[in-house]
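For reference, the structure is listed below as structure tokens.
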Amino acid sequence: MTATQLQAPAIRVQGLKKSYKDLRVLNGVDFDVAGGSIFALLGSNGAGKTTVVRILSTLITSDGGTAEVSGLDVATRPGEVREAISLTGQFAAVDEILTGRENLVLVAQLRHLPEPGAIADALLARFALTEAGTRKVSTYSGGMRRRLDIAMSLIGNPPVVFLDEPTTGLDPQGRLEVWAAVRELASQGTTVLLTTQYLDEAEQLADRIAILHDGRILVNGTLAELKKLLPPATVEYVEKQPTLEDVFLSLVGKGEDADAARSAASAATPKEKS
Ligand SMILES: Nc1ncnc2c1ncn2[C@@H]1O[C@H](COP(=O)(O)OP(=O)(O)OP(=O)(O)O)[C@@H](O)[C@H]1O
Ligand SMILES: [Mg+2]
């Protein structure tokens, strides 16, 4: 592999546009995701997060711009992109009547992989589901289902994984379980793009966070970089750092303060070299 290939991002999105009839959802979205990292796409309801994920996973086509996954253009090489990715949506796609292990074996068989039983056992162990593996999924908690869903999407070892709101609807314990599963994925070198409405989820998990608003990426950076966009509020000798929630609300809010915050953000966000 050449040095250029090693440095190529796992996901590259440039000038992405998408409208549904008169509704312009994406109006020039740009971001890169480094291989093996966790990237969180944050945005309010209807900001277009799922639209980005659906374009990247070849479920829908864009109206303009380019998107590449593992160096493959999603528009011109969708079949190869599909082999390089997995997509886990908000609702677990697991079969309730089967056991966890049977679900995994079934998917491995459908993908014509050798030794489906061994693949299932390895994934159960990896996601702390070995004991639950022989029980019907109908007896699982929400967090266990979501972990099984993520495990199923990893059969065949896709290098890039899309998780669309992986913890929506889960209780705090279920969220912690899924977070552990996502961290486990990235530690094995898988690139993870997740969307979330939960700012603490982005804070906890992501190497980089991008905020999608009004069809564009408003800011894109590490948590520390985003926190620097707002001046720390100082009360006597106690310095309070802004939380990601402060940054988010000040950027996507309405009014003069938000306009000022957005201008400051766009001036401070380093432009990606093309
Ligand atoms: N197939 C479609 N036809 C028409 N409009 C659509 C379609 N899919 C999405 N939209 C609209 O596009 C906008 C962006 O939707 P999208 O699902 O990408 O947002 P999102 O950021 O994922 O929101 P949420 O946080 O609610 O999941 C919304 O206004 C939505 O109503
Ligand atoms: Mg969505």
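The values are calculated or read from the model by the stated rules, or taken from the named source; none is laboratory data. No experiment lies behind these values; they were computed from the predicted model shown. In this analysis, Cβ positions are derived from the backbone assuming ideal geometry, glycine residues included, and neighbour counts consider all displayed protein chains.
Taking interchain pairs and intrachain pairs at least six residues apart, which have beta carbon atoms under 6 angstrom, with the first residue in region 150-173 and free of Cβ contacts under 8 Å to residues at least 40 places away in the same chain and the second surrounded by 21 or more Cβ atoms within 10 Å (Cβ to Cβ)?
Note: pairs meeting the criteria are 167/175; 167/178; 170/143.
Inside region 48-74, can you point out the residues that are away from ligand 2 (no atom under 16 Å from the Cβ) and within 14 Å of residue 26 (Cβ to Cβ)?
Applying the first criterion (away from ligand 2 (no atom under 16 Å from the Cβ)) to region 48-74 yields 58, 61-74.
If the condition is that a residue be away from ligand 2 (no atom under 16 Å from the Cβ) and within 14 Å of residue 26 (Cβ to Cβ), then 61, 62, 63, 64, 65, 66, 67, 74 are the ones that fit.
Quick one: would you say residue 101 is closer than 25 Å to residue 28 by Cα and either more than 16 Å from ligand 1 (Cβ to nearest atom) or out of contact with any helix residue (DSSP H, G or I) (no Cβ under 9 Å at 6 or more places or on another chain) (or both)? Can you show your working first?
On the way: closer than 25 Å to residue 28 by Cα: no; either more than 16 Å from ligand 1 (Cβ to nearest atom) or out of contact with any helix residue (DSSP H, G or I) (no Cβ under 9 Å at 6 or more places or on another chain) (or both): yes.
Taking the combined requirement at face value, the residue does not satisfy it.
So which residues in region 123-148 are surrounded by 14 or more Cβ atoms within 10 Å (Cβ to Cβ), at pLDDT 90 or above and not basic (Lys, Arg)?
Selection gives 123, 124, 129, 130, 132, 133, 137, 140, 148.
Looking for something surrounded by fewer than 19 Cβ atoms within 10 Å (Cβ to Cβ), more than 16 Å from ligand 2 (Cβ to nearest atom) and modelled with pLDDT under 95 - is there at least one such residue anywhere in region 24-33?
No, there is no match, as no residue in region 24-33 is surrounded by fewer than 19 Cβ atoms within 10 Å (Cβ to Cβ), more than 16 Å from ligand 2 (Cβ to nearest atom) and modelled with pLDDT under 95.
Take region 189-221 and flag every residue that is part of a loop (DSSP other than H, G, I, E, B) and either over 29 Å from residue 153 (Cβ atoms) or modelled with pLDDT of 95 or more (or both).
As a first pass, look at region 189-221 and keep what is part of a loop (DSSP other than H, G, I, E, B): 189-190, 197-198, 206-207, 214-215.
206, 207, 214, 215, listed by residue number.
Collect the residues in region 76-98 that are crowded, with 20+ Cβ neighbours inside 10 Å, more than 16 Å from ligand 1 (Cβ to nearest atom) and in contact (Cβ under 8 Å) with a residue 60 or more places away in the chain, keeping them in residue-number order.
Selection gives 85, 86.
Kindly indicate whether any position in region 176-184 is aromatic (Phe, Trp, Tyr), over 21 Å from residue 207 (Cβ atoms) and surrounded by fewer than 21 Cβ atoms within 10 Å (Cβ to Cβ). Please lay out each step first, then the result.
Taking region 176-184 as the starting set, the residues that turn out to be aromatic (Phe, Trp, Tyr) are 179.
Within this subset, residues satisfying the condition of being over 21 Å from residue 207 (Cβ atoms) are none.
Checked region 176-184: no residue is aromatic (Phe, Trp, Tyr), over 21 Å from residue 207 (Cβ atoms) and surrounded by fewer than 21 Cβ atoms within 10 Å (Cβ to Cβ).
Could you check region 147-191 and list, in sequence order, the residues that are within 16 Å of ligand 2 (Cβ to nearest atom), out of contact with any Lys or Arg (no Cβ under 6 Å at 6 or more places or on another chain) and among the polar types (S, T, N, Q)?
Of everything in region 147-191, just one residue is within 16 Å of ligand 2 (Cβ to nearest atom), out of contact with any Lys or Arg (no Cβ under 6 Å at 6 or more places or on another chain) and among the polar types (S, T, N, Q), namely 168.
Step by step: first the residues of region 198-215, then only those that are among the charged types (D, E, K, R) and over 13 Å from residue 46 (Cα atoms), then the one that is surrounded by the most Cβ atoms within 10 Å (Cβ to Cβ). Which residue is that? Reasoning before the result, please.
First pass over region 198-215, keeping only residues among the charged types (D, E, K, R): 200-201, 203, 207-208, 214.
From what's left, over 13 Å from residue 46 (Cα atoms): 200-201, 203, 207-208.
Values: 200: 13, 201: 23, 203: 16, 207: 15, 208: 20.
Among residues in region 198-215 that are among the charged types (D, E, K, R) and over 13 Å from residue 46 (Cα atoms), the one surrounded by the most Cβ atoms within 10 Å (Cβ to Cβ) is 201.
Can you list the strands (runs of 3 or more DSSP E) found entirely within region 17-75 that contain at least 1 residues being without any contact (Cβ under 8 Å) to a residue 60 or more places away in the chain and within 15 Å of ligand 1 (Cβ to nearest atom)? Show your work before the answer.
Details: elements: 23-33, 38-42, 64-69.
In region 17-75, the matching strands (runs of 3 or more DSSP E) lie at 23-33, 64-69.
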